[in-house]
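The values are calculated or read from the model by the stated rules, or taken from the named source; none is laboratory data. Just so you know, these numbers come straight off a predicted model, no measurement behind them. Counting neighbours? That spans all protein chains shown, and the Cβs are built from the backbone with ideal geometry, glycine included. These accessible areas exclude ligands, DNA and RNA; they are computed on the full protein's heavy atoms, side chains included. Shrake-Rupley method; radii C 1.70, N 1.55, O 1.52, S 1.80 Å.
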Amino acid sequence: MALAARAATSRAFPPVHRLTTRAQRLVFAAIVLGIVGFATPPTARDFQGRGFDVHWWHVLTNGLIGLAFVLAMARPVWRVLDTIPLAPGHRWRNGAARLGLGAAFAALDATWAYAATIVTVGLYGLDARLLAEREAAWTYHFVQGLAAFAILLIAHTILQRSHETRQREALERSLAIARLQALSLELQPHFLFN
């Protein structure tokens, strides 16, 4: 059974990839940028402690290239996550599909980040021995890609709950308006004929 067909048979979740506002996407970008900025100085100090002439802007360049990938992939990943909800009756199968999506995302992110490391080393003329360090290894970037996917998954869940709450409130509001209109229609003939 196709993932979209499974999503249609389960509880209808609001599509995060379509309902997310520009402000929500900017907040997400600011959070991810904050994570990149927070990790930059200690990483640069760590490289300097190991004898490399690496400055914060070298590390920041690499982090911003990785940030661009995560931000570019956020909506497509959320679109796929929208089709595989963790609804009752489908939790194991859809959970496994989400794990597969996370592994695929991490592999793409690791490949992108490894290439970004090579570009950063070449762009700034840094010591080529940096590419042999553990922070430059593809597996290191794969683990970071899993962490980035976890951030995307958490953001998707938070946005989904927010959209559900907003839809529920709109439905309750329209129900209250309909009840008031029905009540006013009931009262109007009473006052007309008495």
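The table below lists the values:
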quantity	calculated
Read-out mean projected area of the Cα convex hull in nm², derived from the coordinates shown; its label in [x] 12.9; [y] 15.5; [z] 11.9	[y]
Linear extension gain, residue 71 paired with residue 162, 0.36 nm per residue minus alpha-carbon span	30.8 nm
Segment residue 137-residue 180, extension gain: residue separation times 0.36 nm, minus the distance between their alpha carbons	9.0 nm
Rounded accessible area of residue 174 (nearest 10 Å², 1.4 Å probe)	60
Between region 53-101 and region 120-194, the Cα center-to-center distance that results, in Å	14
The chain - mean residue ellipticity at 222 nm from DSSP helices (-39,500 (n - 2.57) per run, n ≥ 4, rounded to 500)	-29000 deg cm²/dmol
Zone residues, region 144-188, relative to residue 111, backbone N less than 12 Å from point 7 Å out along Cα-to-Cβ	none
